[in-house]
Amino acid sequence: MSNDPLPPPRSDRGRWAITWAAVVMAAGCVVWIVSLLVGASGMERDLGLMFPFAALDALAITVLGVWVLRPPGREAVNFFGRWLGKVLLFFGLSAAVAIFLFGTCFTIGVAAP
C-alpha cells in the first residue's frame with residue numbers, strides 16, 4: 001500500500017504583494033492623518049480625519065478578504081460549508097474592523113489637542 005504524493009503547496013506571492021501594497025498605502029494614510037492633526041484645527045480637522053480613517057478601514061478589509069477568502073482545495077470535504085464559513089467569518093471580521101477601528105481612530109483623532 002502506498003501513499004499518494006502530496007501536491008505542491010499553494011503560493012502566496014500574490015497575497016503578500018497585495019498586503020505590502022496595502023501597508024505602503026496605510027503608511028501614506030498615517031502621514032495624511034498626522035498632517036491633518038498638525039495643520040488643521042476645529043471642525044475642519046474633525047471632518048478631514050474621517051477620510052484617512054475610512055481609507056485605513058478599506059485597506060484593512062481588503063487585506064482581510066485577500067487572506068480569509070482564499071478558495072479551499074478541490075479535495076476538501078464539505079466544499080460549500082467551508083466557503084460559507086469563510087464568507088461569514090469575513091463579514092463578521094469586516095464589521096468589527098469597520099466599527100471598532102474606525103470608531104477608535106476617529107475618537108482618538110478628535111480628542112487629540
What does the helix-only formula give at 222 nm for the chain: each DSSP H stretch with n ≥ 4 adding -39500 (n - 2.57), the total divided by the residues, and the result rounded to the nearest 500 deg cm²/dmol?
-25000 deg cm²/dmol
Which of the following values of Cα extents along the principal axes in Å was calculated from the structure shown: (1) 74, 25, 15; (2) 93, 44, 28; (3) 47, 29, 29?
(1)
Defining a contact as two alpha carbons under 8 Å apart and six or more residues distant in sequence, what relative contact order in percent does the chain show?
30 percent
Note on the chain: helices (DSSP H) long enough, at least 24 Å by alpha carbon along their axis, and hydrophobic enough, mean Kyte-Doolittle at least 0.5, are 13-39, 42-68, 79-96
Looking at the stretch 52-95, which trypsin sites (Lys or Arg not before Pro) are DSSP coil and have at most 13 other C-beta atoms within 10 Å of their C-beta?
Arg74
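A short reminder: the numbers here are calculations on the coordinates, not readings from a lab. These numbers were taken from a predicted model, which means no experiment stands behind them. FYI the Cβ positions are ideal-geometry reconstructions off the backbone, even for glycines, and counts take in every protein chain you see.
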